[in-house]
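For reference, the structure is listed below as structure tokens.
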Ligand SMILES: [Zn+2]
């Protein structure tokens, strides 16, 4: 026994600090992986190497450490709740992996494997669904549509995952619009085959919207949507067991694929029914009052619209007012209502950039309001 061992041993105070730092790093690692949805039970811990020096600022440390955890997380697996795998970045943590607006749905992969997101009504138009107008009827209908794998990979190149089994979408249902907290939501529900041929149901919707649906009161239309999705999960779980067993058998897989699509068709019909029930109830309200007619709606919207919602259309020589619930109203300069329609936000922005839509002066808006009120 020599004294060297004791000299090398950190003091108790140091050990105490080290233990606190070690525990804090462990918690950071766990939390960061949980935020990247890579903290599944039963998996081996994900190795992440962190760097720290006295010269590193706190902000640098946090962003670097989180980036490293995120990179490690994307190695773990391509299936992350509420996200679509991006073949371009080979990640579920990149900016392309989720919709940038709550009214967008997954519209397939671009040639280089980047997920494409599209406004729900525009996507319906793109797949030649002739019911789009019903979305903007009074009262609006909830529409749902089953989309097969072929439509989603039309552009995707083989070198960017077209035939990959990493995140193989067998089919999906897109549905909308569902009104929550005054906003219109669209959702995408996919049946995905992943590694080891496991099937998963992916609901692509913001976390906030998923929680609102999950917490909705029993019997409410949101609650019925939640139950329809839960039923779908259960049905796909049953097919999953057979799917794995059927692997080499093409004929059996074809049968099971048909079953999957029958589950998706059932889900689509069920989501639309929730909308119809709402429709039936609202019709009474409509009969009681003519306030729901488009021209009355337009007048209401004009009363309450903000100054920045009024535009002069320099090409059509008309006045466009952006109203509630994504409806825009078109009037003549003399205040006659021409039509009400949906103009997507990006279209409005591009028309403003091209100076086709010009903001109206406050005095002109006041005069216009008076003219409309008098008609
Ligand atoms: Zn990406």
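What follows draws every value from the coordinates through simple rules; no lab data is involved. It should be emphasised that the depicted structure is a prediction, and the values quoted were computed from it without experimental measurement. A quick note on method: Cβ atoms are made from the backbone with ideal geometry, for glycine too, and the neighbour counts reach across all protein chains shown.
Just the projected area, averaged over all directions, of the convex hull on the alpha carbon atoms of region 60-180: how many nm²? Please list the in-between numbers first.
Working: hull surface 35.6 nm².
For the Cα atoms of region 60-180, the hull's average projected area reads 8.9 nm².
Quick check of the Kirkwood formula: for region 197-258, what is the inverse mean of 1/r over all pairs of different Cα atoms, in Å? Mind showing how you got there, number by number?
Values: mean 1/r = 0.0749 Å⁻¹.
Kirkwood hydrodynamic radius for region 197-258: 13.4 Å.
Please arrange 63, 206, 164 by counting, for each residue, the other beta carbons lying within 10 Å of its beta carbon, fewest first.
Result, fewest neighbours first: 63, 164, 206.
Of all alpha-carbon pairs in the chain, indicate the percentage at a distance above 33 angstrom.
47 percent
Hey, fewest Cβ within 10 Å first, where do 181, 224 land in order?
Values: 181 8, 224 18.
Fewest-to-most Cβ neighbours within 10 Å comes out as 181, 224.
Given the -39500 (n - 2.57) contribution per DSSP H run of 4+ residues, what per-residue ellipticity at 222 nm results for the chain, rounded to the nearest 500 deg cm²/dmol?
Working: 11 runs with 165 residues, N = 375.
So the helix-based figure for the chain works out to -14500 deg cm²/dmol.
If the chain between residue 374 and residue 67 were fully stretched, how many nm would it gain, using 0.36 nm times the residue separation less the Cα-Cα distance?
Working: separation 307, 0.36 × 307 = 110.52 nm, distance 6.01 nm.
Difference between extended and current length: 104.5 nm.
Between 107, 73, 65, which gets the highest mean-square fluctuation from a Gaussian network model of the chain, Cα cutoff 10 Å?
Comparing 107, 73, 65 in the GNM, the peak value goes to 65.
If the chain between residue 315 and residue 332 were fully stretched, how many nm would it gain, using 0.36 nm times the residue separation less the Cα-Cα distance? Walk me through the numbers before you get to the answer.
Numbers: separation 17, 0.36 × 17 = 6.12 nm, distance 1.25 nm.
My answer for the length gained is 4.9 nm.
For the chain, set up a GNM with springs between Cα atoms under 10 Å and report which of 21, 13, 214 has the largest fluctuation.
Result: 13 has the largest fluctuation of those listed.
At 7 Å along Cα-to-Cβ for each site, give me the label-to-label distance between residue 150 and residue 133 in nm.
2.9 nm
Treat the count of other C-beta atoms within 10 Å as a stand-in for reagent exposure and order 58, 368 from fewest to most. Each step should come with its number before you reach the end.
Values: 58 7, 368 20.
The most exposed by this proxy come first: 58, 368.
For region 293-374, report the % of Cα-Cα distances exceeding 15 Å. Walk me through the intermediate numbers first.
Working: 1669 of 3321 pairs.
Value for region 293-374 (Cα pairs over 15 Å): 50 percent.
Label-point separation (nm) for residue 252 and residue 141, each offset 7 Å from Cα along Cα-to-Cβ?
With each label point 7 Å from Cα toward Cβ, the separation is 4.1 nm.
How large is Rg over Rh for region 150-277, taking Rg from the Cα atoms and Rh as the Kirkwood inverse mean of 1/r across Cα pairs? Write down the numbers at each step before the final one.
Working: Rg = 15.9 Å, Rh = 15.8 Å.
In region 150-277, Rg relative to Rh is 1.01.
So what is the relative contact order for the chain, in percent, with contacts set as C-alpha pairs under 8 Å and at least six apart? Write down the numbers at each step before the final one.
Numbers: 524 pairs, mean separation 38.7, N = 375.
Relative CO of the chain lands at 10 percent.
Select from 312, 70, 162 the residue whose mean-square fluctuation is largest in a Gaussian network model of the chain (Cα-Cα springs shorter than 10 Å).
The residue with the greatest mean-square fluctuation here is 312.
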